[in-house]
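What follows is a short report on a single structure.
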Amino acid sequence: MKLLGAVLLAASLLGTAARGEQSPWPDDPLRTCFFQMLGGVDGEFCRGDLEIIYPELGDVGCTYIPKCHQYRWRISREWGSPRVRYPQAEKSKKYVLVLVDPDAPSRANPRNRFWRHWLVTDIPGADLRTGDVKGLVLTDYVRPTPPPRSGYHRYQLRLYEQPAHEAIALSPEERVSLGAWAMESFVEQFRLGSPVASTQFLTKYYED
């Protein structure tokens, strides 16, 4: 479906150019942009139809962010927090959303795993069904910013069902730093269990 979407998007752009209308990307209006799906172990991480939606790109779950149209630059420097949609969310329940980079500073040497990029609790299921994330923000959204020459980084989004009447908080030590976060201990401490859904996208420094 994502590949089909990329092809349809390219066709739409070509049609726009043929009609003499302004392209959304005036710097390179006729360039076809293809999205490569994740495979192997990286692809297996994506479970449960969880969508992470950025402007123009749409759902980037289980894909590499392409360099064309400055997408890697824009996701690192321009765009704010994405919409997150989970159609299977139960309206009467609340959820916890976690976005981390397990490859800090690089996948080959992840000594700062996990780098916390977003943490929101008490998200109503009804909001997740529409992609409107509202809840208690424990960590504000931090854009994906892989260091130069560090290769591709995984940005992993996990969605947990929040236990009823469970007040979730970061410790003072956790609030001080985003890096080297003991995510598994956090999940265990608040009895979150396994994610009900998960997805990820891969990107790297925009000039690499």
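The values are calculated or read from the model by the stated rules, or taken from the named source; none is laboratory data. Every value quoted in this text rests on a predicted model; they were computed, and no experiment measured them. Backbone-built Cβ (ideal geometry, glycine too); neighbour counts: all protein chains shown. All accessible areas refer to the heavy atoms of the entire protein, side chains included, with ligands and DNA or RNA removed. Shrake-Rupley method; radii C 1.70, N 1.55, O 1.52, S 1.80 Å.
The table for this structure:
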| item | result |
| --- | --- |
| Out of W118, W73, sole residue that is surrounded by 17 or more Cβ atoms within 10 Å (Cβ to Cβ), among the aromatic types (F, W, Y), within 19 Å of P55 (Cβ to Cβ) and in contact (Cβ under 8 Å) with a residue 12 or more places away in the chain | W118 |
| Subset of the stretch 30-42 (residues that are closer than 25 Å to P87 by Cβ and either more than 16 Å from the chain's Cα centre (by Cα) or surrounded by fewer than 12 Cβ atoms within 10 Å (Cβ to Cβ) (or both)) | G39 |
| Subset of the stretch 139-165 (residues that are surrounded by fewer than 21 Cβ atoms within 10 Å (Cβ to Cβ), among the aliphatic types (A, V, I, L, M) and within 14 Å of S81 (Cα to Cα)) | V142 |
| Any hit, the stretch 127-145, residues being over 19 Å from D59 (Cβ atoms), within 13 Å of the chain's Cα centre (by Cα) and of a type in the set (S, T, N, Q) | yes |
| Options L57, L97; residue that is touching a residue at least 60 places away in the same chain (Cβ under 8 Å) and of a type outside the set (S, T, Y) | L97 |
| Residues satisfying the stated conditions in the stretch 43-55, i.e. open to solvent by 20 Å² or more (accessible area, probe 1.4 Å) and aliphatic (A, V, I, L, M) | I53 |
| K134 being at negative phi, surrounded by fewer than 18 Cβ atoms within 10 Å (Cβ to Cβ), free of Cβ contacts under 8 Å to residues at least 12 places away in the same chain and touching a Pro at 6+ places or on another chain (Cβ under 9 Å) | yes |
| Where a residue in the stretch 169-190 is acidic (D, E) and its partner, wherever it lies, is part of a loop (DSSP other than H, G, I, E, B), with Cβ under 9 Å and at least six apart | E174/W181; E174/A182; E184/F114 |
| Residue in the stretch 62-77 that is touching a helix residue (DSSP H, G or I) at 6+ places or on another chain (Cβ under 7 Å) and on the phi < 0 side of the Ramachandran plot present | yes |
| Filtered residue count, the stretch 171-190, keeping only those that are within 26 Å of I53 (Cβ to Cβ) and part of a loop (DSSP other than H, G, I, E, B) | 2 |
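Yes/no matrix, rows are residues, columns are (1) closer than 19 Å to Y54 by Cβ; (2) part of a strand (DSSP E or B); (3) acidic (D, E); (4) more than 19 Å from the chain's Cα centre (by Cα):
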position	(1), (2), (3), (4)
P147	no, no, no, no
Y155	yes, yes, no, no
L192	no, no, no, yes
Y206	yes, no, no, no
